[in-house]
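Shown next, in structure tokens, is the structure this report addresses.
The values are calculated or read from the model by the stated rules, or taken from the named source; none is laboratory data. Everything numeric in this text was worked out from a predicted model, so none of it was measured. We place every Cβ from the backbone using ideal geometry, glycine too, and count neighbours over all the protein chains shown.
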Amino acid sequence: MTKISRALFLQGVLAASFAGPVLAAQTAAKPLKIAIYGNGRIGSRIITEALNRGHSVTVIVRKPEDVKPEPRKTVVKGDILNTDEVVKQIAGHDVVIGSINGATASVFIDGGKSIVAAQHRLGANPPRFIWIGGASSMIDKASGKMLFEVNPIPNAPTGAAPGHIGLLNYLRTVNDVPWTFFSPAVVAAPGERTGKFRLGGDNPVYDANGKSTISMEDLAIATVDEAEKPAHNHQRFTIGY
């Protein structure tokens, strides 16, 4: 083999060795059909993340005229508390996500229960259910108490913490349909999409400065990651930097 042909051969070997990882990184997961209740600061970012990954999204809100349709994004009117509507709206989807706001605890508890009831009525292989549930129910390691009891989150809606806590307690009694409860970091705010964060379970994830934070953009990444590759069925998980 001449020097030139040997050099070309080595270039081909190197190219082949790098082609796999690069190609894999560029290949999207199998497109999913995702239904999401809510289009607020977190919900809208989850929608954007899902669309950017090639998934189709059905956005279910009370005022569809306030949400702009896009390719692979369908907007429909619906009420999470109306189980008959929920059954029709989530049928045929792979995943249903709850990311709602509310003034009373019952909105969160009854909203989550409505989705579970719809899953039951859809029979075998219902959509997987992911609930964006707040940080208040996470456990403080030092005291063994919930963050809601130790250090209530400032300016949080009155019903949010007891609502999410009540729903999590209910979901932990459900073992016949797939669900995941996602508690973000203690502080979740608009920011940068980094893709660099750590996962946790019932305890908050703190950084080197003792803070539990996450951008809503990275929160959206973790949500769609869980939709694509479920790793926390019948569990709660959290994230943080």
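Quick notes on this structure:
- Residue within segment 71-79 that is surrounded by fewer than 21 Cβ atoms within 10 Å (Cβ to Cβ) and in a helix (DSSP H, G or I) present: no
- For the residues Ala135, Ala124, Ala142, the requirement of being part of a loop (DSSP other than H, G, I, E, B) and in contact (Cβ under 8 Å) with a residue 60 or more places away in the chain singles out Ala135.
- Residue match in segment 225-233 (condition: modelled with pLDDT of 95 or more and hydrophobic (A, V, I, L, M, F, W, C)): yes
- Filtering segment 108-123 to residues that are more than 18 Å from the chain's Cα centre (by Cα) and of a type in the set (A, V, I, L, M, F, W, C) leaves Ala117, Ala118, Leu122.
- Search result, residues across segment 186-215 that are surrounded by fewer than 17 Cβ atoms within 10 Å (Cβ to Cβ) and not in a loop (DSSP other than H, G, I, E, B): Val187, Ala189, Arg198, Leu199
- Hey, Asp218 assigned to a helix (DSSP H, G or I) and acidic (Asp, Glu) or not: yes
- Number of the exception - Ala105 against (1) aliphatic (A, V, I, L, M); (2) within 20 Å of the chain's Cα centre (by Cα); (3) buried (at least 19 other Cβ atoms within 10 Å of the Cβ): (2)
- Taking the criterion of being assigned to a strand (DSSP E or B), within 23 Å of Arg121 (Cα to Cα) and not polar (S, T, N, Q), the residues of segment 44-70 that qualify are Val57, Val59, Ile60, Val61.
- Subset tally (residues that are outside any loop (DSSP other than H, G, I, E, B) and within 14 Å of Ile109 (Cα to Cα)) for segment 148-178: 12
- Considering segment 224-241, the residues that are without any contact (Cβ under 8 Å) to a residue 60 or more places away in the chain and among the small types (Gly, Ala, Ser) include one that is surrounded by the most Cβ atoms within 10 Å (Cβ to Cβ), namely Gly240.
- Positions within segment 89-116 being of a type outside the set (D, E, K, R), in a helix (DSSP H, G or I) and more than 27 Å from Lys30 (Cα to Cα), in sequence order: Ala105, Ser106, Val107, Phe108, Ile109, Gly111, Ser114
- The combined condition, being of a type outside the set (Ser, Thr, Tyr) and closer than 22 Å to Gly201 by Cβ, is fulfilled by His164.
- Residue match in segment 173-195 (condition: out of contact with any Asp or Glu (no Cβ under 6 Å at 6 or more places or on another chain) and of a type in the set (Lys, Arg)): no
- Every residue from segment 221-241 that is assigned to a loop (DSSP other than H, G, I, E, B) and farther than 25 Å from Leu32 by Cα: Tyr241
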